[in-house]
Amino acid sequence: MNAPAPALKDTQNEPDHRQIAIDRVGIKNLKFPLQVRDKAHDIQNTVATLTLTVDLPHHFKGTHMSRFVEALHEQGTILQVGGIRPLVDDLLKRLDSENAHVDIEFPFFLEKHAPASGAMGLMDYVVRFQATGSREAHDFILTVVVPVTTLCPCSKAISAHGAHNQRGQVTLAVRFTRPIWIEDLVQLVESCASSELYSVLKRPDEKEVTERAYENPVFVEDLVRNIAGKAKEHPEITWFRVEAENFESIHNHNAYALIENPR
């Protein structure tokens, strides 16, 4: 009979004598199918990029990287939003950790009709889920990244002809008491800018968008204040952080503003 194979050495479980704990350790940039709810079609299929991490006590040399992927695949071949908290809890148990983190980023698509011609095109937005869990509590933050158009009020006030405008990017992160539609957060942001963006614009649409922006000039400061005001009034939002960055068209730098309001 063949002799049994010798047990493989488990280096990760060896003690570490440097006495330095690690806040987060795990895997990053893992692609996986994801299903999220949307208003128009009930379910939207997308591909997420995941970061899965846990804390590592000072006395352990390393974590078990394969267990992160195993925990994810336990949720099935497609990750559902409802499976994120069970995934966090599984990481806590499987890796015997005090804290676990699941960070998910994915493109979310909306059908948008051009304002004058009605031509339809798909707009993509970056969405992030950040779930954190311990043996005592859980936390979840939803973030949307929304491109917008802004037109400078100062340029409009001092120029005899026209005003400079630029594309900007707003990042709105929220905590909430009840689930909020991603589309509603996108619309909240877009309503506070000089104009929203579209993927398809005919000539009448370009005229409409240009004139709309001209009639609604906003500084980057106006943009974050407008969004903060609406977020504070939202009945389900308990905390928010809004950042706006304008990719300036006549400066060699960007304009930036941030408001965080843990009400």
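Run the numbers for GLU236 and LYS31: contour at 0.36 nm per residue of separation, minus the present Cα-Cα distance, in nm.
On the way: separation 205, 0.36 × 205 = 73.80 nm, distance 3.08 nm.
Gain on extension, GLU236 to LYS31, equals 70.7 nm.
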Would you kindly derive the ³J(HN,Hα) couplings of the range 221-236 from the backbone phi angles with the Karplus curve 6.51 cos²θ - 1.76 cosθ + 1.60 (θ = phi - 60°), listing them in order in whole Hz, with x for Gly and Pro? 5, 4, 4, 5, 5, 4, 5, 4, x, 6, 5, 5, 7, 6, x, 9
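Could you compute the longest span of the chain free of chymotrypsin sites (Phe, Trp or Tyr not before Pro) located in DSSP loops and having at most 16 other Cβ atoms within 10 Å, not counting the site residues? Present the calculation step by step, with values, prior to reporting the outcome.
On the way: sites that count: TRP181, PHE247.
The longest uninterrupted stretch comes out as 1-180.
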Once every DSSP H run of n ≥ 4 in the chain is given -39500 (n - 2.57) and the sum is divided by its residues, what mean residue ellipticity at 222 nm do you get, rounded to the nearest 500 deg cm²/dmol? -7000 deg cm²/dmol
In the range 103-152, what GluC sites (Glu not before Pro) fall in a loop by DSSP, with at most 13 other Cβ atoms inside 10 Å? GLU136
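Under the 0.36 nm per residue contour assumption, what length would be gained going from the current alpha-carbon distance of ILE78 and TYR214 to full extension? Working shown, then result.
On the way: separation 136, 0.36 × 136 = 48.96 nm, distance 4.46 nm.
Length difference between fully extended and current span is 44.5 nm.
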Straight-line reach from LYS156: which lysines have a Cα under 30 Å away, not including same-chain ones fewer than 8 places off? LYS112, LYS202, LYS207, LYS230, LYS232
Could you tell me whether the range 93-220 comes out rounded, prolate or oblate from its Cα gyration tensor? Rule is a ≥ b ≥ c as square roots of the eigenvalues, rounded for a/c under 1.5, then prolate if a/b exceeds b/c, otherwise oblate. prolate
Taking amide H atoms as placed 1.01 Å from N in the peptide plane, list the residues 5 or more away in sequence, or in a different chain, whose amide H sits under 5 Å from that of LYS61. GLU14, ASP16
Starting from the Cα-Cα distance between ASP124 and ILE250, subtract it from 0.36 nm times their residue separation and give me the gain in nm to one decimal. 42.7 nm
Enumerate the calculated ³J(HN,Hα) couplings along the range 53-59 in order (Karplus 6.51 cos²θ - 1.76 cosθ + 1.60, θ = phi - 60°), each rounded to whole Hz, writing x wherever the residue is Gly or Pro. 9, 9, 7, 10, x, 5, 8
Give the cross-link partners of LYS93 among the lysines, using a straight C-alpha distance below 26 Å as the criterion and excluding same-chain residues fewer than 8 apart. LYS9, LYS28, LYS31, LYS61
q = 0.07, 0.08, 0.10, 0.16 Å⁻¹: log10 I(q)/I(0) that the Debye formula gives for the chain, counting C-alpha atoms only: -0.35, -0.44, -0.64, -1.20
Given points 7 Å out from each Cα along the Cα-Cβ axis, report the ASP23 to GLU70 separation in nanometres with one decimal. 2.9
In nm, spacing of pseudo-spin labels at SER117 and CYS154 (7 Å Cα→C-beta vector): 3.6
Listed residues ILE227, ILE78, ILE20, most fluctuating in the chain (Gaussian network, C-alpha, under 10 Å): ILE20
Scalar couplings 3J(HN,Hα) for the range 20-29 by Karplus 6.51 cos²θ - 1.76 cosθ + 1.60 (θ = phi - 60°), nearest whole Hz, x for Gly and Pro, are 10, 6, 10, 5, 9, 8, x, 10, 9, 6
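FYI, it's all coordinate maths here, none of it is from the lab. Please read these numbers as outputs of a predicted model, since none were measured by experiment. Reconstructed Cβ throughout: ideal geometry from the backbone, glycine too, with neighbour counts over all protein chains shown.
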